[in-house]
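The values are calculated or read from the model by the stated rules, or taken from the named source; none is laboratory data. Quick caveat, the model's predicted, so the values are computed rather than measured. Positions of Cβ are backbone-derived with ideal geometry, glycine not excepted, and every protein chain shown enters the neighbour counts.
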Amino acid sequence: MNNEFKTKLIKASMDSYPIVKNMVRFYCYDMSRTCGFVEDWDWSFPENGLYEGCDVKPYFENKDHYAFLIKVGDELAGFALIHKGGSNPNTNWNMGEFFIVAKFQGKGIGKQAAHLAWQQFPGHWEVTVIPENTPALAFWRKCVNEYTNAKCTEEIKPIHPNARQPNRYVFSFNIVIA
């Protein structure tokens, strides 16, 4: 990890909703690199030149959803969207969406941000990854295993309501803060 970067995880207010919504466009762009040719998924570049992405408003409005801005110093570096629950009834927390802008990818910022999130929300966690998203899969596999000292489970199972591609890798682990 590069120690020159001071990563901060900042609780996002409704004022930050448009910022995260804008970043989701870049999140979709990044996802299109590896998931763009998944059969039956429409990752075509939009006619208007703007990816729309998923609706992140519930992370700003729902009681059991949390939105965070990831910053390096004072510079915006991404977002983390966390919610309660998961594919297993014992799951307390789920990393719903997570994004680091290209400038900061591969520099340890994502790992620092994930670790900060896990420290704030102890309990049983799930992180899910689309199988075709190989960079995210490698990132989460390494990040979760490092944080938990390889005390996690990894399985691929159908969890998503999207009938075209329901399977996800699911990383499950417990975070206990002493």
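Can you name the residue in region 96-114 that is among the small types (Gly, Ala, Ser) and farther than 19 Å from residue 66 by Cα and is also surrounded by the fewest Cβ atoms within 10 Å (Cβ to Cβ) among such residues?
The selected residue is 102.
Quick one: residue 132 ticks every box in (1) surrounded by 14 or more Cβ atoms within 10 Å (Cβ to Cβ); (2) farther than 24 Å from residue 5 by Cβ; (3) of a type outside the set (Lys, Arg); (4) touching a strand residue (DSSP E or B) at 6+ places or on another chain (Cβ under 6 Å) except a single one, so which number is it?
Unmet for residue 132, out of (1) surrounded by 14 or more Cβ atoms within 10 Å (Cβ to Cβ); (2) farther than 24 Å from residue 5 by Cβ; (3) of a type outside the set (Lys, Arg); (4) touching a strand residue (DSSP E or B) at 6+ places or on another chain (Cβ under 6 Å): (4).
Restricting to region 11-34, name every residue that is modelled with pLDDT of 95 or more, β-branched (Val, Ile, Thr) and over 15 Å from the mean Cα position of the chain (by Cα).
Result: 19, single match.
Which residue out of 102, 163 is at pLDDT below 95, out of contact with any strand residue (DSSP E or B) (no Cβ under 8 Å at 6 or more places or on another chain), small (Gly, Ala, Ser) and over 19 Å from residue 33 (Cα atoms)?
Going through 102, 163 in turn, just one is at pLDDT below 95, out of contact with any strand residue (DSSP E or B) (no Cβ under 8 Å at 6 or more places or on another chain), small (Gly, Ala, Ser) and over 19 Å from residue 33 (Cα atoms): 163.
What pairs can you find where one residue is in region 23-34 and surrounded by fewer than 17 Cβ atoms within 10 Å (Cβ to Cβ), the other is part of a helix (DSSP H, G or I), and their Cβ atoms are less than 9 Å apart, with a gap of 6+ or different chains?
26/102; 33/135
The conditions are (1) out of contact with any Cys (no Cβ under 7 Å at 6 or more places or on another chain); (2) free of Cβ contacts under 8 Å to residues at least 40 places away in the same chain, and residue 144 fails exactly one of them. Which is it?
Result: residue 144 passes all but (1).
Taking region 135-147 as the search range and keeping residues that are crowded, with 16+ Cβ neighbours inside 10 Å and under 14 Å from residue 118 (Cβ atoms), which one is nearest to the chain's Cα centre (by Cα)?
For region 135-147, the residue satisfying everything is 140.
Give me the residue from region 65-92 that is among the aromatic types (Phe, Trp, Tyr) and either under 20 Å from residue 108 (Cα atoms) or surrounded by fewer than 20 Cβ atoms within 10 Å (Cβ to Cβ) (or both) and, out of that set, nearest to the chain's Cα centre (by Cα).
My answer is 79.
If you go through region 35-53 one residue at a time, do you hit one that is among the hydrophobic types (A, V, I, L, M, F, W, C) and either part of a helix (DSSP H, G or I) or at pLDDT 95 or above (or both)?
Yes, some residue in region 35-53 is among the hydrophobic types (A, V, I, L, M, F, W, C) and either part of a helix (DSSP H, G or I) or at pLDDT 95 or above (or both).
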